[in-house]
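Read-outs throughout are calculated quantities, based only on the coordinates presented, and are distinct from any laboratory measurement. The structure displayed is predicted, hence computed values, not measured ones. Backbone-built Cβ (ideal geometry, glycine too); neighbour counts: all protein chains shown.
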Amino acid sequence: MIEQCRRYLLKGYTWAAIAVLAGTGFISTYFSYNEKMMLMEQMDSGADDLNREVLRDIISEYDNGLTYLLRFLTNGDLYYFYVTAAVIFAGLFMSSEMLREKDNNYGNFCVARQGYGNLLRNSCGGMILCISIVVMISTVLIFTGDMIFAGYRHCIFSFGRYQISFGQGILIALGSVIFLMIFLALMMIISVSVSMFIKNLILARLFPVLAFILIPVVMGSTLANVFPATGQFFCRFIPLEYLGTVTDLLYYSSENQKISVICAGAAISMLTVIAVSAAYLNKKRFSRDYI
Amino acid sequence: MSIMFRQSTIKKKTAAVFILLAVFFAAQIVYAGCSDYASFTLHSDDNWVWKTTAGNHLRALKETNSSKYTVQANVMTMWCDPSFRIVNSNNQSRSGTVSIKETGTVFQGSDNIGIRNYYYYASVKPSSWQVGTDKIKLRFNPK
């Protein structure tokens with residue numbers, strides 16, 4: 001498993017993916033910095049409808065690298081791009097690898113040596129480990145960049161409904177990243193298992209982005225337009241939406257926090273059941289029919 | 001017997017009227033400072049929109065110097081979350097942004113740098129993920 005992970009990590013495209021993911025975070029930092037500049041311009045303007053005390057506090061919160069990281073992780077659009085980029089990378093370069101190896105007969109050697117069950121476990125484990133490391137490295141790079149750029153202040157700052165300390169901010173960021181890693185791990189198991197049944201390499205490479213990003217987004221958007229009352233409920237099960245549950249905890253009232261956590265829990269449980277079933281079916285079928 | 005029955009009916013009606021009035025005034029207190037609902041039409045290529053679908057602006061009076069504000073949508077046809085902020089009459093930002101994730105929930109925004117006794121206006125921006133045209137109907141309270 002570790003050998004497989006090392007194999008993926010040493011490839012050039014993995015580091016390209018890390019660069020793209022970290023770059024998304026740096027773009028977010030740039031936007032946040034622009035917001036700070038805009039606030040400073042307002043401070044210097046002679047506008048008479050400005051609460052300068054509050055404005056001063058807000059500007060001082062930007063002197064903390066953690067503010068930039070949290071703004072990225074909790075502020076919609078660019079985080080969606082980050083997740084989508086990770087899913088595209090996983091699909092293009094990893095989840096379809098088993099199918100490619102089967103097609104070019106390299107897989108036959110592996111199955112002959114270690115058996116299909118072991119190959120599936122090692123490949124999936126290696127890919128999950130690799131994508132987790134990619135996400136972790138990119139987040140650490142973003143955080144380090146933000147801290148160098150904005151500096152460190154051990155202070156309490158306002159976020160959503162709460163006043164949070166530096167330690168709590170780190171925990172929120174960590175929670176968000178771990179939740180994303182769990183999602184990516186389940187997505188990887190499903191994609192690897194399903195790609196063997198698809199048998200078409202191009203389709204197998206596109207499967208993760210189609211099944212976990214595009215189709216849910218199009219369906220959610222259509223349902224929300226056709227049934228405005230219930231559409232929003234279905235939208236909670238779009239991966240990009242429930243991956244923002246950590247944000248919901250910061251911005252929602254306690255009652256809505258519960259609903260949000262229950263929906264995210266239900267979605268992840270559903271993905272787990274699908275992942276286990278897909279892996280089981282895959283192992284059952286290809287333990288017999290692989291070679 | 002019939003007089004007693006009539007008196008009891010009058011008492012019930014009076015009580016019902018008082019309860020209705022109490023609820024009405026309580027609602028006035030709770031929603032004091034809150035704007036009416038207004039619809040915004042958002043196209044995917046729009047930036048910040050502060051004109052409602054009807055062509056006017058949605059405004060509310062700020063009654064305290066609180067740095068918080070709230071926003072609540074009751075109709076929303078997009079799956080992705082549009083951003084909301086409050087602006088002054090020159091369309092200059094007076095708050096941080098908050099994502100409106102669903103209908104019915106009151107979302108609290110922060111970084112409200114407006115001051116009391118001024119009118120502030122609603123400004124909405126579609127998510128980068130929005131495709132085509134969507135509608136959102138919302139109200140806000142600059143507090």
Practice prompt. Could you please state, rounded to a whole Å, how far the C-alpha centre of segment B:46-87 is from the C-alpha centre of segment A:145-210?
Written response: 29
Practice prompt. Using a cut-off of 13 Å between beta-carbons, work out the net charge of the residues near B:Thr53 (Lys and Arg +1, Asp and Glu -1, B:Thr53 not included).
Written response: +1
Worksheet item: With a 10 Å Cβ neighbour count serving as the proxy for reagent exposure, in which order, fewest first, do B:Phe84, A:Phe26, A:Phe233 appear?
Response: A:Phe233, A:Phe26, B:Phe84
Fill in: Theoretical FRET efficiency, 1/(1+(r/R0)^6), r = Cβ-Cβ of A:Leu281 and A:Val261, R0 22 Å, to 0.05
0.15
Worksheet item: Given A:Phe207, A:Leu21, A:Ile164, which one lies farthest toward the positive end of the charge dipole of chain A, if we put +1 on the Cβ of every Lys and Arg and -1 on the Cβ of every Asp and Glu?
Response: A:Phe207
Worksheet entry | Gaussian network model of chain A, springs between alpha carbon atoms under 10 Å - residue of A:Leu69, A:Leu281, A:Leu180 with greatest fluctuation | A:Leu281
Worksheet item: Which residue, A:Thr84, A:Thr24, A:Thr222, has the most motion in a Gaussian network model of chain A that connects Cα atoms within less than 10 Å?
Response: A:Thr222
Worksheet entry | All aspartates and glutamates inside 16 Å of B:Lys135 as judged from Cα atoms, apart from same-chain residues fewer than 8 positions distant | B:Asp45, B:Asp46, B:Asp81, B:Glu102
Practice prompt. Taking the Cα centre of chain A as origin, sum charge times position over the Cβ atoms of Lys and Arg (+1) and Asp and Glu (-1), and report the length of that vector in debye to the nearest 20.
Written response: 1720
Worksheet item: With labels modelled as points extended 7 Å from the Cα through the Cβ direction, what inter-label distance (nm, one decimal) is found for B:Asn47 paired with A:Arg153?
Response: 2.8
Worksheet item: When chain A is treated as a GNM, springs tying every alpha-carbon pair under 10 Å, which of A:Glu35, A:Glu53, A:Glu241 comes out with the largest mean-square fluctuation?
Response: A:Glu53
Worksheet item: In percent, what relative contact order does segment B:38-141 have, based on Cα pairs under 8 Å that are 6 or more apart in sequence?
Response: 44
Worksheet item: Which is farthest toward the positive dipole end of the protein assembly as shown among A:Tyr242, B:Trp129, A:Cys5, measuring Cα position about the Cα centre, with Cβ charges +1 (Lys, Arg) and -1 (Asp, Glu)?
Response: A:Tyr242
Worksheet entry | Mean separation of Cα contacts under 8 Å, 6 or more apart, over the residue count of segment A:2-289: relative contact order % | 25
Practice prompt. Would you work out which of A:Tyr30, A:Gly175, A:Leu92 lies farthest towards the positive end of the dipole of chain A, given +1 charges on the beta-carbon of Lys and Arg and -1 on that of Asp and Glu, about the Cα centre?
Written response: A:Leu92
Worksheet item: What does the charge count near A:Thr245 come to, summing +1 for each Lys or Arg and -1 for each Asp or Glu among other residues with Cβ under 12 Å from its Cβ?
Response: +1
Worksheet entry | Dipole in debye (nearest 20) - segment A:62-155, about Cα centre, beta carbon charges: Lys, Arg +1; Asp, Glu -1 | 260
Worksheet item: Looking at this model, which pairs from B:Lys62/B:Lys125; B:Lys51/B:Lys125; A:Lys11/A:Lys102 are more than 18 angstrom apart at the alpha-carbon?
Response: B:Lys62/B:Lys125; A:Lys11/A:Lys102
Item to complete: Have a look at the protein assembly as shown and give its Rg and Dmax from the Cα atoms, expressed in angstrom.
Response: 26.1, 100
Item to complete: At 0.36 nm per residue, minus the direct Cα-Cα distance, what do A:Arg52 and A:Phe227 gain on full extension? Give it in nm, one decimal, please.
Response: 58.6 nm
